[in-house]
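Here's the structure we're looking at; comments come further down.
The values are calculated or read from the model by the stated rules, or taken from the named source; none is laboratory data. Nothing here was measured: the structure is a model prediction, and the numbers come from that model. No Cβ is skipped: glycine too gets one built from the backbone with ideal geometry, and neighbour counts run over all protein chains shown. To get the accessible areas, we keep the full protein, side chains included, count just its heavy atoms, and leave off ligands, DNA and RNA. Shrake-Rupley method; radii C 1.70, N 1.55, O 1.52, S 1.80 Å.
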Amino acid sequence: MLGIASLVRIIRLRGGGGVVARGMGGTLVSMDTGNPAHRRLRNVVEEIAIASGVPVPEIYVLEHEEAINAFAAGYAPADAAVAVTRGALEKLSRAELQGVIAHEFSHVLNGDMRLNIRLMGVLFGILVIGVVGREVLLRARGGGRDGAALIMIALGITIIGYVGLFFGRLIKAGVARQREFLADAS
């Protein structure tokens, strides 16, 4: 069950970075955009793609986000997408925006996206174990000794799933922190 749920999640996330960016509410920045902030973003991304030797990724703006943030998504450089919040476009200078985009390109070049997709798939599989156990608990009715055994098994599966999810998230956070340090250094 863990393997199947993880595999399904990984396959869905392998659809490319654009799928993730659109799922987060991103708006694609077209090549012929007339918006000056979007044009500046596109120019910066294209410059860094040329300097990095990778294809220009799809570019998205999270229009409803006022905070300064960005992310890279995708399984490989060929299907990558870069998303930037509206706050980053409005508040950062061109040089600062270059730094943010260069950081995101470091994630692409270091294979962080692939690692994150695999980690998310495994965590989803662990979550499914906990949810299945919880659903069995909620639906379990009396039934004598067999019902009590089923409830105990479901309780054990629920505990294993959620404890595993907790520790999995701790591990993911530790890995993410190290990958952020690597992207900053790159």
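Just a few scattered comments:
- Residue in the range 115-135 that is nearest to E180 (Cα to Cα), counting only those that are surrounded by fewer than 18 Cβ atoms within 10 Å (Cβ to Cβ) and modelled with pLDDT of 85 or more: V131
- Close contacts from the range 98-109, counting a first residue that is over 15 Å from A21 (Cα atoms) and a second that is of a type in the set (D, E) and open to solvent by less than 30 Å² (accessible area, probe 1.4 Å), with Cβ to Cβ under 9 Å and a gap of 6+ residues or different chains, come to S106/D112.
- Candidates are the residues of the range 148-167 that are open to solvent by 100 Å² or more (accessible area, probe 1.4 Å) and without any contact (Cβ under 8 Å) to a residue 24 or more places away in the chain; the one that is farthest from I101 (Cα to Cα) is M152.
- Residues in the range 28-73 that are more than 19 Å from F105 (Cβ to Cβ) and within 17 Å of the chain's Cα centre (by Cα): 1 in all.
- For first residues located in the range 168-186 and small (G, A, S), partners that are at pLDDT 80 or above and loosely packed, with under 14 Cβ neighbours inside 10 Å and lie 6+ apart or on another chain with Cβ distances below 6 Å do not occur.
- Condition met for Y60 (in a loop (DSSP other than H, G, I, E, B) and either open to solvent by less than 40 Å² (accessible area, probe 1.4 Å) or modelled with pLDDT of 95 or more (or both)): no
- Single condition R86 does not satisfy, out of (1) within 30 Å of I50 (Cβ to Cβ); (2) touching a residue at least 24 places away in the same chain (Cβ under 8 Å); (3) open to solvent by less than 20 Å² (accessible area, probe 1.4 Å): (3)
- Among all positions in the range 21-33, there is at least one residue which is open to solvent by 70 Å² or more (accessible area, probe 1.4 Å), assigned to a loop (DSSP other than H, G, I, E, B) and either at pLDDT 90 or above or in contact with a helix residue (DSSP H, G or I) (Cβ under 8 Å, 6 or more places away or on another chain) (or both).
- L92 vs. criteria in contact with a Leu (Cβ under 7 Å, 6 or more places away or on another chain) and either modelled with pLDDT of 85 or more or surrounded by 17 or more Cβ atoms within 10 Å (Cβ to Cβ) (or both): no
- The set of residues in the range 36-54 that are assigned to a loop (DSSP other than H, G, I, E, B) and touching a residue at least 24 places away in the same chain (Cβ under 8 Å) contains only V54.
- Complete set of residues in the range 110-132 that are under 29 Å from G53 (Cβ atoms) and either free of Cβ contacts under 8 Å to residues at least 60 places away in the same chain or touching an Asp or Glu at 6+ places or on another chain (Cβ under 7 Å) (or both): G111, R114, L119
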